Every structure is written in structure tokens, then in C-alpha cells.
Protein chains: 2
Amino acid sequence: MSAGLPRRGRRSGTENTRAVILSSARKLFAELGYDATSLRGIARDAGVDSAMVHHYFQDKDGLFAACIELPADPRTVLAGVAHTAPEVRGEALLHAVLGLWDSPAQPALIALMRGAVSSSSRAALLREVLIKRIVALLLADLPGDAAAHRLRGSLVASQLIGLMISRYFLKLEPLATADHDDVVALLGPTVQRYLTAPLP
Amino acid sequence: MSAGLPRRGRRSGTENTRAVILSSARKLFAELGYDATSLRGIARDAGVDSAMVHHYFQDKDGLFAACIELPADPRTVLAGVAHTAPEVRGEALLHAVLGLWDSPAQPALIALMRGAVSSSSRAALLREVLIKRIVALLLADLPGDAAAHRLRGSLVASQLIGLMISRYFLKLEPLATADHDDVVALLGPTVQRYLTAPLP
């Protein structure tokens, strides 16, 4: 990655350290995925001591969330959804996602989506969040193996992401200004089918 | 729009003329929408004679397609779809859209989508295409009034756009590498419901 360039020396805990760690973490999470990336490896790439990484970001989850500038912790937003009965989880998920987008977090979410569509390393980061954190959380207690969960997760994501792009970026009416209840009535059956109905 | 600036004089047909016309057309289509934008108004804004606009772009449709750099004319791509029986139109549409994205047109489509997500005037142009050309074409012969068609069109768009983002940008597996037939089997019922099923 930095072949041919002189190795950076260890840095002291300056203002800049946080940014350097984030830059290395973004690179490695995008290249290797969440699982294969270690805090040690990030510290090495950034030329800092591992203790610095813990100091600024606590743990791998905290660092990862900072990398993609998530405006809210998915575990908090989705905690209520993950505990709903499976047969109403589609609409609960839609309500939670619409609530998040129509909140002060909206500009950060727009920036996150723009980043993912314009840069493949940003896309890789968002993919990791969706798969490792959001999908895992939502489907954990539902029947099916990991492959089935991945398939269902990617289908759910396809409808939710399309809703967000249509509503907040393209502003396609009437979806763009419809009440949450109306959107949930229209798209709920789709999300529910992807979560729990038998698939071909 | 150019208040306070000296009016540009009429331009002769230089290399630059085409770009100047395109720039005015993008601005006006985005600000006013397709219907309210006239070739005359574009020519005026660009400081060229209307004949120049016809010379470079033939008609309003041609100019509009050039504005958004559509890699294919939607009428050609969707001609086969619009003539299918209503009850199989969902899967026909998915096949056509996947065929287009997995063709040499893919880079241009990726650029089109990136533009729409990163710029609100580009988003406005894509919205115009979707509403005035694609949706109108696909739903023309189906029951329902204009408002119902708009609603159905925005729902269809939400699923198709989400599929494209998930498959070609985020590369969410297994959707990213699934065969067209598998994708159609999974998402076909959704698109079909949005096109023809009773909605709440």
C-alpha cells in the first residue's frame, strides 16, 4: 500500500492522530472487510500505538462507526425493531428507517449514501455495515441459515435503499412527501415478504 | 438568471455552441421541468438562434436525452416491455432493465446514477425522465388515472433503483452476482404488485 514510500515513524497523540487512524481504518475496512481487519493492523498502518486507537475509538465497532460517520448507532435505532414479532417486523423496520431519515440525522445519511454511490471504498464500508450489523441484527432470530439471511437481507436493503433514493434524492412524488403511515402501507408487504415469506 | 451580467451576444456555430446549449438546457429542464421548458427558451438562455438547437439536437426529446447522457433511448429499450400483457409486465421490465445494466451501457448508467445522487439538478433531470418518459410508457395502457400511475411509477422506480444501487454500487451478495432469472424470480412479484395489484 505504501510500497516505495518511506515508512512513517510513530506519531505522538496530536490532533492529527485521530484523522490518521480513521484514514487507515477506512482503507483497511474497505480492502479487507470488517472481520479480517484488526485494530493492531490499523495501528500499524497508521504508525501509532494500539493504545491510541483504543483511546480515540474505544473498540472496533466504535472505530467502524466513526469511519462511515454513522449519525446513529444502528443497534440503538433497530433495537426496538429486532424485538418485534416476525410477522410485523417489515412495517416496524420501515417506520424506524423513515423516522431516522426524517430526523436531524438526515444530512449525515445523505452524505453517507452519496459517498457510497460515488466511491467504491465507501460502498464497501456501507456494505459491511449493512451485512455485519444491520442485517445480522434484524434476522438473527428468524428461521434460515446464514445464506438465507444474506439473501433476505440484500432484498430488504434493495427496497429500503431504493425508497431512500426515490424519496430524498430524486424526490419522486407521491413517495417523496407521503406520510410515514402511507409509505409503510405501500411498501410494508414487500419488506415483510423479503423478511419472512417463502422465497423461490 | 443572468441578471446583472451583460447579455451574451448571439454565437456562431462553433464547437462550443453545443456545450453552451446543453448547459442552458440542463439548467432550464432542472428548474422548470420538461413540459414547461421550450427550445425557444433554451436558445434564448444560451444566446443562440433556435435553428442551432434543432441543428445539434433535432427536437426537445433529443436534447433532453443528451442532457442526461442517456446511453440508450428509453423508448427503444422499453418498447418490448410496454407491449407485454399487464400480468407479466413486472418480470419483462426487470429483464429489460437488467439487460441494459449488464450491457456496454453500464458505465454511462453508473455515471447517470452518481450524478443524480450527488447533484439536485441532475436528480431533477432523472426525475423528469422517469416520470415523463419511462413511467408514462410503461403504464399508458393500464387502468387508473394519472395520479394512480404516478404512485405506481414511483413504487416501481423505488424497487428498481434500489436493485441497481445494491447490485452495481454496493455489490450486496447474493443480489450482486445473481443470474437475471433469479433476480426476476425474487423481485418480479414486487414490481408486478406495484404495477397492477390493488394498492391501499
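All of the numbers you see were taken from the coordinates with simple rules; none came from a lab. Remember, it's a predicted structure, so these values are computed and weren't measured experimentally. All Cβ positions, even for glycine, are placed from backbone atoms using ideal geometry, and neighbour counts span all protein chains on display.
Between B:Pro86, B:Leu32, B:Ala96, the Cα set farthest toward the positive side of the dipole of chain B (charges on each charged residue's Cβ, about the Cα centre) is that of B:Leu32.
Taken as Cα centroids, segment B:165-189 and segment A:44-103 sit 25 Å apart, rounded to the nearest whole angstrom. Using the Karplus relation 6.51 cos²θ - 1.76 cosθ + 1.60 with θ = phi - 60°, the per-residue 3J(HN,Hα) values for segment A:163-175 come to 4, 5, 5, 5, 7, 9, 10, 7, 6, 6, 7, x, 4 Hz, with x marking Gly and Pro.
Over the Cα atoms of chain A, Rg to Rh with Kirkwood Rh, two decimal places?
1.03
Count charges around A:Pro189 for me, please; just the other residues with Cβ under 12 Å from its Cβ, Lys/Arg as +1, Asp/Glu as -1. Once all neighbours under 12 Å are counted, the net charge is 0.
Sorted fewest first by neighbouring Cβ atoms within 10 angstrom, A:Tyr194, B:Tyr168 come out as B:Tyr168, A:Tyr194. Applying the Karplus relation 6.51 cos²θ - 1.76 cosθ + 1.60 with θ = phi - 60° to segment A:112-126 yields 3J(HN,Hα) values of 4, 5, 4, x, 5, 7, 9, 9, 6, 6, 5, 4, 5, 5, 5 Hz, where x marks Gly and Pro. Maximal additional length on extending the B:Asp145-B:Ser23 stretch stands at 40.4 nm, based on 0.36 nm per residue less the C-alpha distance. Shortest first, A:Ala111 label-point distances to identical copies amount to 2.8 nm, with the label point at 7 Å from Cα along Cα→Cβ. The residues A:Ile110, B:Ile161, when put in order of fewest to most other Cβ atoms within 10 Å, stand as A:Ile110, B:Ile161.
Closest approach of a chain A Cβ to the axis relating A and B (residue, whole Å): A:Gly162, 1.
Per-residue shielding of A:169-180, expressed as the average number of other chain Cβ atoms within 10 Å of the residue Cβ, stands at 6.
Shortest first, A:Ala19 label-point distances to identical copies amount to 3.4 nm, with the label point at 7 Å from Cα along Cα→Cβ. Using the empirical formula 2.2 N^0.38 Å as the baseline, the Cα radius of gyration of the protein assembly as shown reaches a ratio of 1.11. With θ taken as phi - 60° and the Karplus curve 6.51 cos²θ - 1.76 cosθ + 1.60 applied, the whole-hertz 3J(HN,Hα) list for segment A:133-141 is 10, 6, 5, 4, 5, 6, 10, 3, 9 Hz, x standing for glycine and proline.
Within the protein assembly as shown, what is the number of lysine pairs with alpha carbons under 24 Å apart, leaving out pairs fewer than eight places apart on the same chain? Total qualifying Lys-Lys pairs in the protein assembly as shown comes to 12.
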